[in-house]
Amino acid sequence: MAAGIDREELRALVRQALTESLGSAGPAPAPPGDGLADEMRAALARGKPAKVTVSAANETDLDRFARAIAIACEDASLKAAIIAGDLRFAPAGPPPPRAAAVTTKPAAARTGTFQFGSGVLSEAKIVEISRNNQRIVIGEDVVLTPLARDKAREMKVEIVRQKP
């Protein structure tokens, strides 16, 4: 095989050879992903930034799309367009509901005091506890990490250490 032959040109030659050898069986089916690659090329031809609409109603559709992208990225120009942001993908139909970001309730909505007797009070535990509580009472043996102290201050959670 010649080193200077393009991947797409090689595919076209293989398709042509298969079509000729199969004769009346009709054209060889396009490999999965070629439809998306063709759609991506057409969108880029219309101008940049290009937008391709994608329908992914379930895991199977999403998996098929991911595989089609992997195949399309074998074309260096498509891969470069995706990475550069010249080619964008948009969901078909109405936009899906936004995923809820990790939010905390305002201090006024949180009530209660959480007792933390021993161990290490980390930033992650502060986030978890602060979902329902505005105050944390820690035992004298509890280790409070600096990040946890900063996170508590940021989330307006009061930390009180029990006296012996």
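The numbers here are math on the coordinates, done by the rules we state, and not lab data. Note that the structure is predicted; figures quoted are calculated from it, not measured. Backbone-built Cβ (ideal geometry, glycine too); neighbour counts: all protein chains shown.
In summary, the lysines within cross-link reach of residue 51, defined as a Cα separation below 30 angstrom excluding same-chain residues under 8 places away, comprise 79.
Pairs of Cα atoms nearer than 8 Å and 6+ residues apart set the relative contact order; for the stretch 113-161 it is 46 percent.
Tell me which aspartates and glutamates have Cα within less than 17 Å of residue 156's Cα, excluding those fewer than 8 residues away on the same chain? Counting by Cα, and skipping residues close in sequence, residue 156 has these aspartates and glutamates nearby: 123, 128. Residue ranges 130-139, 65-74 sort as 130-139, 65-74 when ordered by packing (mean number of other C-beta atoms within 10 Å per residue, highest first). With the Cα gyration tensor of the stretch 113-161 giving a ≥ b ≥ c as the square roots of its eigenvalues, does the rule (a/c under 1.5 for rounded; else a/b larger than b/c for prolate; else oblate) give rounded, prolate or oblate? Taking the square roots of the gyration eigenvalues as a ≥ b ≥ c, the stretch 113-161 is oblate. Full extension of the chain segment joining residue 143 with residue 11 gains 41.2 nm, where the gain is 0.36 nm per residue of separation less the Cα-Cα distance.
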